[in-house]
Each structure stands twice: as C-alpha cells, then as structure tokens.
Amino acid sequence: MSVPSPVSVVRLDEIAVITLDRPKANAIDAPTSVLLYQAVHAAEMDPGVRAIVLTGGGDRFFSAGWDLKAAVAGEAADADWGPGGFAGITEYVGRRKPLVAAVNGLALGGGFELMLACDLAVCSHGAEFAVPEVTLGLVADAGGLLRLPRRLPRAVAIELLLTGRRMDADEARRWGLVIDVVPAADLLSSAIALAQRAITGAPLAVGAVLEVLEATETLDVVDGFALMRSGELATYAAVAASDDAQEGPLAFSERRAPRWTGR
C-alpha cells in the first residue's frame with residue numbers, strides 16, 4: 001500500500017494551493033522540505049499560476065516545524081533541506097509570485113518560520129505562533145532570528161526568541177503578522193481571496209514589487225533607490241517598457257478592465 005505524499009497541490013484557476021499534510025503535527029523532515037520546495041518552485045515556473053496559497057492539513061497544526069523524531073533518529077540540523085532551505089522556502093530567493101500562508105492552527109518553530117517566509121498570511125482563530133527553539137537547546141535559524149526583528153518591535157521579537165512564548169491570533173494581527181483572523185471554516189477561502197486581490201495588477205508589476213522588496217529589505221532608502229535605478233533588477237527594469245504599462249493607462253482612460261498579457 002502506497003503512502004500518500006505529505007505535500008499536495010491543487011490548481012484553482014490562476015492559484016496553486018499547496019497543502020502540507022503530515023499527521024499528526026505537519027512536522028517537516030528533510031524529504032518533506034524538498035517536496036515543499038519542488039511544489040512552490042513548480043508553481044513559480046508555471047506560466048498559468050499567478051499566486052500560491054500554502055496551508056496545513058487538519059485543523060490543529062499549520063506546522064510544528066522540524067520533525068524532532070527525525071532529529072533523534074539522526075537527521076542533522078544542517079541536513080540537505082533542498083535549494084529553498086528549511087521547509088522549502090525559508091531561503092528561496094527570487095520568487096516573483098505572491099505566496100499567501102493560510103495558518104490553520106499552531107505554527108511553531110520552523111512552522112512559524114515557514115509562515116514568516118510567505119508574503120502575506122491569514123489565520124484561523126485558534127492559530128498560535130511561537131519560536132520555542134531555545135527551550136529545546138536550539139535556535140530559530142531558519143528565519144526566526146532574521147525576520148522576526150524586522151517584522152516586530154525589537155523587544156517583542158527578542159522576548160519571543162528568548163522565552164518561546166506563544167502569541168495568539170489576535171496579537172499576531174495587532175502586530176501585522178497576519179492580515180486577518182477568520183473562522184476555521186472560512187480560512188482557505190479567505191486566503192484564496194487575498195491571493196486573488198494580490199494579482200489584480202499586471203503580472204510584471206506584481207513580480208517587480210516582490211523583486212524590489214526582496215532586494216532592498218536590508219538597505220536604507222538612498223541605497224534602495226540607487227539599486228532600483230541601476231538596471232540590475234530585471235523584472236523592475238522591464239516594467240516601464242512593457243505592453244502592460246501601456247495597457248493599464250489605456251484601460252483606465254477607456255473605463256474598462258485591463259487585459260494583461262504579462263509582457
């Protein structure tokens with residue numbers, strides 16, 4: 001009897017819905033990490049996909065992070081997690097399609113870091129977030145140490161990283177880590193609706209936003225402008241001369257919906 005894959009993909013028009021379903025806690029070992037990368041990368045390369053939604057199977061865990069049973073069995077912290085780093089995306093550079101996390105429950109350790117690597121997130125009322133690595137003799141080095149201090153007030157980030165305290169859904173929304181908190185029954189539809197709103201613009205322009213955000217995240221404004229004007233950011237540089245850059249103003253003047261071509 002074959003074992004179901006822990007990572008599945010369903011296409012809904014222009015949106016790819018990726019589900020991590022590895023009972024009981026959607027914990028991630030190295031093979032699962034590679035599967036997550038492959039699913040996200042395939043969607044990224046698919047011209048028919050414009051956005052990705054990532055969620056967990058079941059209603060209790062989005063992901064408990066690193067599979068500690070695998071660790072006890074010998075999987076090292078520096079195992080080969082695949083080209084995208086732990087969980088497939090925590091070190092994935094160059095994504096140009098919006099990635100929305102639909103957090104259906106507990107996002108702990110690497111599961112929280114997986115969510116932080118997404119562009120946008122919504123969560124259910126029962127969701128909780130924590131980086132408890134220090135309580136296990138580890139550190140949150142799959143993005144928690146780097147991304148939390150940039151997404152939260154520094155003192156709050158340090159508190160979470162040093163204490164392992166759980167943050168509930170309402171607090172996550174107050175700090176802007178999630179866009180909305182919704183009933184569990186509405187979570188996936190809310191995430192898909194958010195993804196759809198994120199791709200109403202021209203494909204090149206959407207990709208350019210993600211490219212510039214990624215490239216300038218650690219730069220000050222002066223250096224950020226210098227990089228944007230340098231011509232080194234290919235997607236951003238292509239926007240001004242694109243057909244869509246002409247179609248947008250034309251559609252506005254003709255009071256009709258734009259017909260994007262992605263060129």
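Can you pull out the residues in the stretch 220-233 that are modelled with pLDDT under 95 and either in the same structural domain as residue 119 (by TED's automatic domain parsing) or of a type in the set (A, V, I, L, M, F, W, C) (or both)?
Across the stretch 220-233, there are no qualifying residues.
Quick check, is residue 178 closer than 23 Å to residue 236 by Cβ and either aliphatic (A, V, I, L, M) or exposed (fewer than 13 other Cβ atoms within 10 Å of the Cβ) (or both)?
Considered against the rule, which asks whether it is closer than 23 Å to residue 236 by Cβ and either aliphatic (A, V, I, L, M) or exposed (fewer than 13 other Cβ atoms within 10 Å of the Cβ) (or both), residue 178 comes out as no.
If the requirement is being of a type outside the set (Ser, Thr, Tyr) and either in contact with a Lys or Arg (Cβ under 7 Å, 6 or more places away or on another chain) or outside the structural domain of residue 30 (by TED's automatic domain parsing) (or both), which of these qualifies: 116, 68, 162?
After applying the criteria, what remains is 116.
Which of the helices (runs of 4 or more DSSP H) contained wholly in the stretch 14-117 include at least 1 residues that are out of contact with any His (no Cβ under 9 Å at 6 or more places or on another chain) and surrounded by fewer than 21 Cβ atoms within 10 Å (Cβ to Cβ)?
30-45, 68-72
Of the conditions (1) in contact (Cβ under 8 Å) with a residue 60 or more places away in the chain; (2) assigned to a helix (DSSP H, G or I), residue 172 satisfies every one except a single condition; which number is it?
Here residue 172 clears every test but (1).
Out of 229, 263, I need the residue that is out of contact with any Asp or Glu (no Cβ under 7 Å at 6 or more places or on another chain) and without any contact (Cβ under 8 Å) to a residue 60 or more places away in the chain. Which one?
After applying the criteria, what remains is 229.
The values are calculated or read from the model by the stated rules, or taken from the named source; none is laboratory data. Predicted model only: the values in this text are computed from it and were never measured. All Cβ positions, even for glycine, are placed from backbone atoms using ideal geometry, and neighbour counts span all protein chains on display.
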